[in-house]
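Peer 1: My questions will all concern the structure given below.
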Amino acid sequence: MSRRNRTMLVLIVAVIAAGYASGRVGGGDAEGVDGPGVPDGAHSAVVERVVDGDTVVLAGRGKARLIGVDTPEVFGSRECFGPQASDYAKHTLTGQPVKYTVGREPRDRYGRLLVYVWLPDGRSFNALLAARGYARTLTIEPNDRYAPTFARLARDARAADAGLWGAGCPAAG
């Protein structure tokens with residue numbers, strides 16, 4: 001191989017590696033969360049308010065429940081790590097423009113829109129909740145599109161004692 005070809009090969013490998021590290025290649029993000037990328041046809045909205053860790057109010061759409069994840073409760077029976085999950089959602093989402101898709105079953109029994117949400121940088125917020133230990137997985141068919149991904153991220157969070165898994169929550173096991 002000529003010196004020029006070796007140089008080109010090294011440059012190509014460096015560009016690809018940088019793409020993986022930045023999350024622009026491979027569907028991940030710079031923090032290593034390999035969540036689903038924003039699908040074609042996703043809708044846009046602004047998060048007006050965060051109700052709790054897994055429920056938000058989308059401007060023009062009303063209350064929306066995040067699909068595939070279940071954060072500890074903060075209202076009624078306040079659960080271990082609920083306030084932390086809620087604070088994380090508020091800090092990350094309030095006032096933010098997001099992309100979202102509606103599940104195959106569009107509403108839950110409370111009338112909330114069932115959604116997957118992506119941040120402006122393309123990261124899946126549902127996946128971040130699982131990956132950082134703010135949520136357990138909750139799969140309810142037919143809204144199971146990303147269930148294997150969320151399950152893997154939650155297993156990794158548990159193995160790393162992240163979030164609720166390391167907080168000594170009695171029901172986290």
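Every number here is computed from the coordinates shown, using simple stated rules; none is lab data. Because the structure is predicted, anything quoted here is derived from the model rather than measured. Heads up, the Cβs are rebuilt from the backbone with ideal geometry, glycines too, and the neighbour counts pull from every protein chain shown.
Peer 1: Tell me the label-point distance for the pair Ser77, Arg155, using the 7 Å Cα-to-Cβ offset, in nm and rounded to one decimal.
Peer 2: 2.8 nm
Peer 1: Need the full-extension length gain, Ala147 to Arg109, defined as separation in residues times 0.36 nm minus the C-alpha distance. One decimal, nm. Don't skip to the answer; put the middle values down first.
Peer 2: Details: separation 38, 0.36 × 38 = 13.68 nm, distance 2.04 nm.
Stretched out fully, the Ala147 to Arg109 stretch lengthens by 11.6 nm.
Peer 1: Follow-up question, since we're still on this one. What Rg and what Dmax come out for the range 57-173 when only alpha-carbon atoms are used, in angstroms?
Peer 2: Reported Rg and Dmax, both Å: 13.7, 39.
Peer 1: Can you give me the three principal axis dimensions of the range 43-119 from its C-alpha atoms, in Å, biggest first?
Peer 2: If we take the Cα atoms of the range 43-119, the spans are 33, 26, 18 Å.
Peer 1: Report the residues of the range 79-113 in range of a label on Val46: point 7 Å along Cα→C-beta, backbone N strictly under 20 Å from it.
Peer 2: It comes to 89-101, nothing else.
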